[in-house]
Amino acid sequence: MTETRTSYTTCPLCEATCGLEIVTRGREILSIKGDAQDVFSHGYICPKAYSLKELHEDPDVLREPMVRRVDQWHKVSWDEAFAEVERGLAPILEEYGRDALAVYVGNPNVHSLASLLYLPTLLHAARTKNFYSASTVDQMPKQVSSGLMFGTFLSIPVPDVDRTDYLLLLGANPLVSNGSLMTAPDMRGRLRKLRQRGGRLVVIDPYRTRTAQEADEHHFIRPGSDAFFLFAIVNTLFAEGLTAPGRLNDYLNGLEEVRALSEEFTPERVAPICGIDADTIRRIANQLAVAPRAAVYGRIGTCTQSFGTLVSWLIDVVNVLTGNLDREGGALFPRPAAGGRNTSGPGGRGRGVRVGRWKSRVRGLPEYFGELPAACLAEEIETPGRGQVRAVLTLAGNPVLSTPNSERLQKAFDTLDFMVSVDIYLNETTRHANVILPPPLSLARSHYDLAFYQLSVRNIARYSPPIFERNPGALAEWQIFLHLTAILAGQGANADPRIIDELTAHTLVQREVATSGSNIEGRDPGEIMDALKPQTGPERLLDFLLRSGPYGDGFDSSQGLSLSEVAAHPHGVDLGPLQPRIPEVLRTPSGKIDLAPQPIVEDIERLRRALNQTGHESQNGHALLIGRRDLRSNNSWMHNLHVLTKGKERCTLHIHPDHAARLSLCNGETARVTSRAGIVEIPIELTDAIMPGVVSIPHGWGHRLPGTTMHIASEHPGVNTNILTDEGEVDPLSGNAVLNGIPVVVERVMVNVV
Ligand code: SF4
């Protein structure tokens, strides 16, 4: 009888990166539980983790490449699949140029070591300006504001939640999400400890979320008005002499400019817009100022709105003004062991960030860190002319459900000449593809969270090898990426991907030995490449990043991190609590925090105009639509797992009972919700947890479309909220889609009685 085996790995399902203990026998998963010895999560897991067993066994998961011919899907060999990709893509690139291909990258890629390491190589080979990702429907405002203020787009301060005395949360529900742009397993436990040690938790949100229910204080805020609220906090801090940046004073540019900019935004002026009274705004400003250690944090609700970048900026402005940025118990910059842009080079100064190096062809929206806004993709496919997108490559993404005005994008996908998807499901997006290339499931991959340790509330490093062997004949994800890279580079479907792998590693090594301040500066690249042998693939690249990183052994010492050292600690390596990093973390050209970056200063005029508008009250029948997050749902693919979808219907329209009564809507009936972009019909669920005048629909649903093979998802289809969101509305500073505060009309669906 096959013996049981206990393995330790990291949960790849959300940003919390919990450690898992998984017991297997052969290819069977016997149990999944939290890893009690994990240095970061200490045994905590949420219900989603158990779904990994169901995912592992899901018969709907694709395990062989698929090619669509005359609307029939056929299983094919990898050689046939790549030959088909070459046959489809090469003539398009040849005839119409590189921009005829769009690449869309979905959120699961950020959990994939192989994808994070090899995507840059693939994009380099693609040479298209049409690169899109979930970042512009989710977090780009924070990346832009952080890049402008601190010099790199992942220099995002995270709240030091374990040591703070006062935490102000806006548009965030970490009890359910377990943190986002803030990696922190067991947020419930961390927030409870904050309150047990006498700290205060304050939540500002148009919905009384589960986090708000546990808070000391919750205030409804009108969707999309967080920038006004925060500017009034800034105004109060200046007006009442409460600003105290402390040691940051030596590293600030633009303090007086911020003071001048805030003058108009008094608590009295903004109160009618936000729905929070002036006294409360002043009190919160005072509490933030006098708390020994405090932090402000905002998340998805603050990013997915028209003033997303201004809100993201103001959060860090308040942290600076109250002396809480880069202070223990305030908001601190993590120091990741591998892959951090703000750990490379001498530190203290850098090139800063540039955006807008090119513009989208149709609407003229600027690029942000190499990407164009996902809200532009449909028009780039539809609009004829030079540079029109005729082929799409999706990598673990479902933009048909997750990007605004998804009905328009669906129709646009129908007109493509060719489409390739790297994905494990035949879903609402990949049904449009000509070829689907399925990577192995997460438990058959090695894991290291290159991205999330850059956002982690504690510095750690944790590597886990694959728990399962790949299925016979299956390709690793990085091998799929390199085959696609070879095709895009014009080397053909039969090219040996090992050559590109070699080149990728060599390029990385050469760049690092040429970087001033690196622990391998000036070394012979050949010697470093030899030292990495016999590894290949992601392990070689990760080993290199760890050894040349801030805790690395520098390739000539027995002290410090390497992949073998990290792998020898299956429960993770604890690198300690976050520490102050200013000025070393900065990469701005001035070597200072740019508190008033020019693009942000210019956009404040738009906020000023909105301040002076009248008529912020919604009319009867009109409402503002927001999203919501559910503990058992994160990405749309999770709806194909019974353990995560069972129970009562969760895709419902939440509306306040008073609001519903005015519209003659009753619990359990169906409402018709209409926006500029579309119409949906959805069951009504009354709840006083939502602000009157606001309605909410969760995202990621809408599994009714034909041609998919996600059987459980299609039994609980729900409604796609992105039929209502408007691709024409973006935050102009980041191109991020506006998914919150959508004006809608809500009506009762009349039943015809014959
Ligand atoms: S909180 Fe996130 S990482 Fe932790 S077990 Fe749940 S899904 Fe996995």
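Details
- Accessible area per residue for the stretch 559-687, computed on protein heavy atoms with a 1.4 Å probe, is 44 Å².
- Look at where the Cα atoms of the stretch 23-82 and of the stretch 472-514 average out, and the two centres are 24 Å apart.
- Of all DSSP bridge pairs formed entirely within the chain, close to 55 percent run antiparallel.
- 3J(HN,Hα) couplings calculated from phi for the stretch 578-588 with the Karplus curve 6.51 cos²θ - 1.76 cosθ + 1.60 (θ = phi - 60°) are, in sequence order, 5, 10, x, 10, 7, x, 4, 6, 6, 10, 7 Hz; Gly and Pro show x.
- With only Cα atoms counted, the stretch 675-754 has Rg and Dmax values of 15.2, 53 Å.
- Extending 7 Å from the Cα toward the beta-carbon at both LYS33 and ASN612 defines two label points whose distance is 6.5 nm.
- Dividing the mean sequence gap of close Cα pairs (under 8 Å, 6+ apart) by how many residues the stretch 633-754 holds gives a relative contact order of 31 percent.
- Accessible-area value, HIS124, 1.4 Å probe, nucleic acids and ligands omitted, Å²: 140
- Calculated P(r) tail over 20 Å for the stretch 270-410, as whole % of Cα pairs: 67
- The stretch 1-83: projected area of the alpha-carbon convex hull, averaged over directions, in nm²: 8.3
- Kirkwood-Stokes translational diffusion coefficient of the stretch 45-130, alpha-carbon pairs, 10 °C, 1.306 mPa s, µm²/s: 99
- Neighbour cut-off at most 15 other Cβ (10 Å), DSSP loop, chymotrypsin sites (Phe, Trp or Tyr not before Pro), the stretch 340-395: TRP358
- Rounded to the nearest 10 Å², the accessible area of TRP701 at probe 1.4 Å: 10
- For the stretch 321-393 versus the stretch 410-439, the gap between their alpha-carbon centres in whole angstrom: 25
- Amide H partners (placed H, <5 Å) of LEU575, local residues excluded: ASN459, ILE460, ALA461
- The residues of the stretch 74-173 have, on average, 29 Å² of accessible surface per residue, using a 1.4 Å probe with all protein chains present.
- Square roots of five times the Cα gyration tensor eigenvalues for the stretch 569-683, Å: 41, 31, 12
- The charge dipole of the chain, taken about its Cα centre with unit charges on the Cβ atoms of Lys, Arg (+1), Asp and Glu (-1) only, comes to about 660 debye.
- Label point at ASN471 placed 7 Å out along Cα→Cβ; residues across the stretch 33-77 whose backbone nitrogen lies under 14 Å: 55-67, 74-77
- Relative contact order computed over the chain (Cα-Cα under 8 Å; 6+ residues apart), in percent: 19
- Values of log10 I(q)/I(0), in the order q = 0.27 Å⁻¹, for the stretch 74-122 under a Debye, Cα-only, solvent-free model: -0.98
- Evaluating 6.51 cos²θ - 1.76 cosθ + 1.60 at θ = phi - 60° for every residue in the stretch 10-18, the Karplus couplings come out as 10, 5, x, 8, 8, 6, 6, 6, 5 Hz, glycine and proline recorded as x.
- Calculated FRET efficiency for the pair ARG197/ASP71, C-beta based, R₀ 45 Å, to 0.05: 0.15
- Solution diffusion estimate, µm²/s, Stokes-Einstein, the chain, Kirkwood Rh from C-alpha pairs, 4 °C, viscosity 1.567 mPa s: 49
- Pairs over the 22 Å Cα-Cα cut-off, from the set LYS359/LYS592; LYS142/LYS592; LYS53/LYS193; LYS33/LYS646; LYS48/LYS142: LYS359/LYS592; LYS53/LYS193; LYS48/LYS142.
- Along its first, second and third principal axes, ordered by size, the stretch 223-269 spans 35, 21, 15 Å in Cα coordinates.
- Heavy-atom accessible surface of the stretch 653-754: percent carbon and sulfur, 1.4 Å: 56
- Surface accessible to a 1.4 Å probe, HIS699 within the full protein complex, Å²: 80
- Peptides 239-249, 721-731 ranked from most to least packed by the mean count of surrounding Cβ atoms within 10 Å: 721-731, 239-249.
- Helix-only arithmetic for the chain: the sum of -39500 (n - 2.57) across DSSP H runs with n ≥ 4, divided by the residue total, places the mean residue ellipticity at 222 nm at -8500 deg cm²/dmol.
- Legend: Rg and Dmax of the stretch 1-149, from Cα coordinates, 20.3, 60 Å.
- Cα centroid separation - the stretch 145-221 against the stretch 646-717, whole Å: 27
The values are calculated or read from the model by the stated rules, or taken from the named source; none is laboratory data. These numbers come from a predicted model, not from an experiment. No Cβ is skipped: glycine too gets one built from the backbone with ideal geometry, and neighbour counts run over all protein chains shown. Ligands, DNA and RNA are stripped out before the accessible areas are found, and what is left, the full protein with its side chains, is counted by its heavy atoms. Shrake-Rupley method; radii C 1.70, N 1.55, O 1.52, S 1.80 Å.
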